[in-house]
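Here's the structure we're looking at; comments come further down.
The values are calculated or read from the model by the stated rules, or taken from the named source; none is laboratory data. Values in this document were obtained by computation on a predicted structure and should not be read as measured data. Because the Cβ atoms are built from the backbone with ideal geometry, glycine has one as well, and the counts that use them run over all protein chains shown. Side chains included, ligands, DNA and RNA excluded: accessible areas come from the protein's heavy atoms. Shrake-Rupley method; radii C 1.70, N 1.55, O 1.52, S 1.80 Å.
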Amino acid sequence: MSAPTAIEDLRNRLYIALVLNALIVGGEFVGGTLVHSVGLMSDAMHNLIDQGSLFLTLYAYLLSARPSTKTATFGYHRAGIITALVNAVLLISAAAGLSVMAIRRLIHPVPVPGGWVIAIALASFAANMGIALLLQKAAKHDLNIRGAFWHMLGDAWVCFGVALSGLVILFTHWTLMDPLISFVVVAAILKGVWPVLKESLGVLMETAPSGMTTSDVSEAITAVPGVHGVHDMHLWTVKPGMTMLTCHVMSEDKGLSQDLLTSVRRQVAKNCRITHMTIQLETSCCHPEAIHCDLDGLMCSHDPIKRDFVLGPVGSKII
């Protein structure tokens, strides 16, 4: 029997994660209800949200593996990014819900048996950590899986915090520790989810990849002998690790040789690690009247006064 492919291996890991997480939800909800622990019940709700997120993650990953079509020319890679954004929003919502429940329990405390809280929370901690470890390798290279990874890792520390609160309650009978520990966990969850939220929004807004600007790419291209200018440059990310570049390269070479284009592509691939690019060679700007790449000019063109300042009177030639 042949070894499973990377996609099959990750799919199997997600299936296992779904089963383990379902057991966590059931165990924490029943146990939290029986022992009146807001920490356990809150984490059960949190894990229930994670169950939906894991389903979405699996679906989006399988969808993104589908090839491109005549209409979806980039394939379905953005499905994972959208899911990562949804996961981040759900996790922030869950953190807000945990905070509300903790505040209510501070106002109206109830007795909680510390021993049962410790036992249930530690079992859930082990299961959550196991799920996080299943996803850790893929999370390094896939934003969608990274969102699910942070979900499960955050849940693991929620459980650990609940176990600590149970330990304090067991020896001091101070039941307010149960809701208080939730605030520390909420802060840890928000810290973990922020990079996922920021990166997913950046990809959907089609910004340049982190640590790279159009100036960096322009400098790399103009360093190629025979190139004396770059314009109409667009640099964006379809998904982490898949960067796209389009630009027009100015050259004094009337023949616009294939050798120059090859040199430019090699330079960009070497210096900027971009392999998917569309480059148009020119000896002069083919459309000097276009302003679609000048964002300041584009915004000003909607105002007649500012438009005349940038473009000159209507009908005049742009310099």
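Among all positions in segment 41-61, there is no residue which is part of a helix (DSSP H, G or I), open to solvent by 60 Å² or more (accessible area, probe 1.4 Å) and modelled with pLDDT of 80 or more. When we screen V217, V224 for residues that are touching a strand residue (DSSP E or B) at 6+ places or on another chain (Cβ under 9 Å), touching a residue at least 40 places away in the same chain (Cβ under 8 Å), closer than 25 Å to E199 by Cβ and surrounded by 13 or more Cβ atoms within 10 Å (Cβ to Cβ), the only hit is V217. A single member of L245, L256 is assigned to a loop (DSSP other than H, G, I, E, B), of a type in the set (A, V, I, L, M) and either more than 30 Å from S200 (Cβ to Cβ) or modelled with pLDDT of 85 or more (or both), and it is L256. Only one of the listed residues (L122, L153, L201, L164) is within 30 Å of H248 (Cβ to Cβ) and open to solvent by 10 Å² or more (accessible area, probe 1.4 Å). That residue is L201.
Screening E206 against (1) more than 19 Å from L98 (Cβ to Cβ); (2) open to solvent by less than 70 Å² (accessible area, probe 1.4 Å) leaves a single unmet condition, (2).
Among the numbered conditions (1) modelled with pLDDT under 70; (2) within 22 Å of the chain's Cα centre (by Cα), the only one that A3 does not meet is (2). Collect the residues in segment 170-198 that are open to solvent by 70 Å² or more (accessible area, probe 1.4 Å) and over 29 Å from the mean Cα position of the chain (by Cα), keeping them in residue-number order. Hits for segment 170-198 are L170, F171, T172, H173, W174. Output the residues belonging to segment 26-52 that are farther than 20 Å from V193 by Cβ and without any contact (Cβ under 8 Å) to a residue 40 or more places away in the chain. Listed by number, the residues that qualify are G26, F29, V30, T33.
Within segment 227-242, if we keep just the residues that are touching a Cys at 6+ places or on another chain (Cβ under 9 Å) and in contact (Cβ under 8 Å) with a residue 40 or more places away in the chain, the residue that is farthest from D253 (Cα to Cα) turns out to be H234. Tallying residues that are of a type in the set (K, R) and modelled with pLDDT of 80 or more within segment 85-113 yields 1.
Collect the residues in segment 120-172 that are out of contact with any helix residue (DSSP H, G or I) (no Cβ under 8 Å at 6 or more places or on another chain) and either of a type in the set (A, V, I, L, M, F, W, C) or modelled with pLDDT under 85 (or both), keeping them in residue-number order.
A126, L133, K137, H141
Results for (1) farther than 14 Å from A156 by Cα; (2) within 29 Å of the chain's Cα centre (by Cα); (3) of a type in the set (S, T, N, Q); (4) open to solvent by less than 50 Å² (accessible area, probe 1.4 Å), shown as yes or no for each residue.
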residue	(1), (2), (3), (4)
P113	yes, no, no, no
I118	no, no, no, yes
Q136	no, yes, yes, no
H141	yes, yes, no, no
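Residues checked against (1) small (G, A, S); (2) closer than 30 Å to A79 by Cβ; (3) surrounded by 13 or more Cβ atoms within 10 Å (Cβ to Cβ); (4) at pLDDT 85 or above:
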residue	(1), (2), (3), (4)
V249	no, no, yes, yes
T262	no, no, no, yes
R266	no, no, no, yes
H287	no, no, no, no
C293	no, yes, yes, no
